[in-house]
Structures are given as structure tokens and as C-alpha cells.
Amino acid sequence: MNLFAQAIAWLTDPANQGGPDGIWTRSLEHVWYTVIAVVLACLVAIPLGYLVGHTGRGRGLVVVSSGAARALPSLGVVTVAGLILGIGLTAPMIALILLAIPSILAGAYAGLEAIDRQTIDAARAVGMSEWQILTRVEMPLGLPLLLGGVRSAVLQVVATATLAAYVGSGGLGRPMFLGLKTQDYAQMLAASLVVVVLALVLEGAFELIERLAQRRFAPVPSTST
Amino acid sequence: MTWILANLDLIAARTLAHLALSLPAIVLAFVLSLPLGWFAARYTWSRLGVLTAFGLLYAVPSLPLFIVLPTIIGVGVRDAANVVAALTLYGMALMVRATTDALVSVDPAIRLSATAMGYSGLSRFVTVELPLAGPVLLAGLRVVSVSTISLVTVSGLLGVNNLGLLFTDGFQRGILAEVLAGIGAVVLLALAVDGLLVLIGRAAMPWARAVRAR
């Protein structure tokens, strides 16, 4: 438990807080990496997931490829990208986007797939075009599951963004790897405590967003978990 | 390619070490999640708390966990026990939720009729609820096995013998083939264990195939 006390002491030391290498700057960088990675992953995964969910085609392919993507070790992807692209932000970004895509993709198509077929048939019967069915029926009804997918992607990316520092980028991995190299385990723990707090805050934010979405788009009490 | 062919022995040794760390963690995560999942499924008031607590475990970055855990459980940083313990915790982060979902998905009417037929709590759980929850449990276990095998590599940063060492060594010496070989081996290993789990599931739950082929 002594290590925890040392970690708290490290965090509360003003010398470790301010400046370009301080915990605040590193935290901001960390959140920034997470946001960029998840947004870029959303741009790829959501349209693809909607395409699969709406047409019902290519589901097997998506399941298999996202399963394989889960097996990809992030450390390996960071390393390969780092060796090819050199030191910088691009390499870890690729790894983080690859990490985030499977959950978001699954959330997007599962959200559409979980909708009662009768609802979609009814929408078609009242004369909605396929585009209208997608944007006015399927997207709102599939939102809770999509948000769930984005939420777990965010959680994974926040925890894994620490690996960015392995190839020379910033973020909270910076003090973590510094601690590893210098055997300053209190510093490592301090940085990881900040990551956990960030994750908690983001979880709380998503809980709020999900509740709002639930209230806005699902007037009937939802039975899904 | 030359590097891979010249170092097949090394890759094989690292793969075996990798498997020796992953399998105990996967099995432990599965076994330990059963009572916790049962508790969360049985006592609704505890569900949100249990699931949130274990879900958040997944947000703990793996690298510092490998460092902090030894100070709590009293093993060395590079011990296999440390890596297995950390990976078990991550496995449980996913598996407790999967177990709870699986048990909740069992039709309450079936539970009631089993009770009516005279099953006691434990025998009902083992002979009725667990088999019915089987397919969902298996789905959860497959995710746990894939993510565990992929996560073991992070302990390579500490110098623990597994496929992750191919990443750190390849990065330091600038051998791209070594890192690619490591990734390939991890993915193949994950797919192999996944296939094995599917086969075990088919053997243990012959009835599940009828459900899938609807």
C-alpha cells in the first residue's frame, strides 16, 4: 500500500503538475488521442455497420474480421507502424483506430439487427424510402446499442493509448514508460491512476448520454440490457 | 522472411511460453466468474455494482497493473504468477458480465419448473441453468480467450518470456520481420484456441447447433 501513498505524493507534487511534461498536459494529450482515434474509428465503422445492418449482407464477413481484429495485439501494431512510419503520432493512432473499430462496428450493426422486422416492414408500407427507413427508423432505434459499442471502444482506447509513448508520442504513457525505465514505480502508478480516473469520468459521461438517448428515442421501456 | 526461417525455434519457444501464460488465465477467469456472475444474476440489487466494478477493471492500463499487482499479492514482477493473475483480472472484467447475461437469459419459467420438480438451488444451477446458459457463456469465453492471448504481449515490455518479446526486440533492433512474425503468431494462436473452444462447445452442448441453424 506504500506504493499508493507514494503515487499520490507524486501526483500532488506541484513539480509534476504544470509545464509541457506535467500531468495536466499529458492528460489533455491522452484525452485528445482518445477522441481522435474514436472519432476516426466511428467514421469508418458506423457507415459500414449501418450498411451491413440495413442490407443484412456481409454479416459473416464483419463478424470474422472484427474477431481477427480483436486478436491483433496493440503493442505489435504500434511497433510495426512505428518501424514503418517512424516516431510520431500516426503509428499509435493506427493501432488505436484498429482497436476501436470492432466494438463500434458491432454496436452499429447489432443496433439495426435488433429492431423488430415488423417495424421496418411498417415503415416500408407507409411509403418510406430506404434512406428514410435508415435515418428515421433504424438509426434512432439502434442508437442505444451503438452508444454501448462506442462506450466500450472509448474504454479500451483510453487504457491502450498509454502505448503511444512506446514509439515516442505523448499522453499518460509518457510518465508510465519513464517510470518503467527508471524503476520509479510510484510514477507509473500515479499515471495509471489518472488513466483510471479519466476512464471513470468518460464512463459517467456515457451513462448520461445513454440515458438521454433512451429517454429521447425509446418511449417504451426497453427490455434490452 | 529470412529472419523468420532462421528463427523458427525461437518463435516456437515464445509461442509455447505464450500459451503457458494464457491458458491458466483463461481457465481461471472462466471459473472465478461463475460464482460472481451467479451472484449478480441472482441478486438484482448487486448487479449494477458488480458489473460496473469489473467493467472498470478493463480501463486499468495493463502495463502498470503488471507492476502494481506484485506489491499486493507478493510475487516478483517477472513471475508467471503475476502475469497470470493480471490477465485473470482482465478476463474477469469481460467474463463476469457475460456470465451474468447468460444466466439472466435463462427463461424464468424453466427455473420455476425445475424448482417445482424438486431441484435444490445448487443442483438446479449445475444441471439446468448452466447448460442452458452454455451458448452465451461460450460466446463470452471466446472473447476472453482472444483478448487474453493478445494482451499477454504487453508483459513482454517487462521482459517476461512470450511472443511480446518479439515486438520489443524487433523494435529495438529494427527487425520488421520479427515484429510481423510476432503478430502473426499471436493471431494464429488466438484463432487456434478459439477453434478449440468451438469444438469443446460442440462436444459439450450438442443441442446448441439446432439453435444456431434457425
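The values are calculated or read from the model by the stated rules, or taken from the named source; none is laboratory data. Quick caveat, the model's predicted, so the values are computed rather than measured. Every residue, glycine among them, receives a Cβ derived from its backbone with ideal geometry; neighbour counts consider all protein chains shown. Heads up: the accessible areas ignore ligands, DNA and RNA and are worked out on the full protein's heavy atoms, side chains in. Shrake-Rupley method; radii C 1.70, N 1.55, O 1.52, S 1.80 Å.
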- [ ] Would you mind telling me which residue in A:193, A:105, A:146 has the biggest mean-square fluctuation in a Gaussian network model of chain A, where springs connect alpha carbons within a distance under 10 angstrom?
- [x] A:193
TODO: Counting residues in the protein assembly as shown as N, plug N into 2.2 N^0.38 Å and put the Cα Rg over that result.
DONE: 1.02
Task: the stretch A:16-32 - phi-based ³J(HN,Hα) in whole Hz, Karplus 6.51/-1.76/1.60, Gly and Pro as x - done: 9, 9, x, x, x, 10, x, 5, 5, 4, 5, 5, 4, 4, 4, 5, 4
Task: Residues whose placed amide H lies under 5 Å from that of residue A:22, excluding near-sequence neighbours - done: none
- [ ] Evaluate the stretch B:2-209: find the radius of gyration of its Cα atoms, find its Kirkwood radius, and give the ratio Rg to Rh.
- [x] 1.06
Open item on the list: In the protein assembly as shown, if the dipole is taken from +1 on Lys/Arg beta carbons and -1 on Asp/Glu beta carbons about the Cα centre, which of A:28, B:1, A:141 is farthest to the positive end?
Closed with: A:141
TODO: Would you tally the net charge around residue B:194, using a Cβ to Cβ cut-off of less than 15 Å, leaving residue B:194 out, and scoring K and R as +1, D and E as -1?
DONE: +3
TODO: Taking only Cα atoms and a 10 Å spring cutoff, compute GNM fluctuations for chain B and point out the largest among B:160, B:146, B:198.
DONE: B:198
- [ ] Between A:63, A:126, A:154, find the one with the highest GNM mean-square fluctuation for chain A; connect C-alpha pairs within less than 10 Å.
- [x] A:126
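To the nearest 100 Å², how much accessible surface do chains B and A cover up together, summed over both, with a 1.4 Å probe? Before the final figure, lay out the partial values.
Numbers: alone 11400 and 12400 Å², together 20910 Å².
Roughly 2900 Å².
In what order, largest first, do A:57, B:14 sit by accessible area if the probe radius is 1.4 Å? All intermediate terms of the calculation are to be shown ahead of the outcome.
On the way: A:57 180, B:14 50 Å².
These residues rank, largest area first, as A:57, B:14.
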- [ ] Taking every pair of Cα atoms in the stretch A:2-217, average 1/r, invert it to obtain the Kirkwood radius, and report Rg/Rh to two decimals.
- [x] 1.08
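Return a whole-number percent for the relative contact order of the stretch A:2-217, with Cα pairs under 8 Å and 6 or more residues apart as the contact set. Present the calculation step by step, with values, prior to reporting the outcome.
On the way: 282 pairs, mean separation 58.5, N = 216.
Once divided by the residue count of the stretch A:2-217, the mean separation gives 27 percent.
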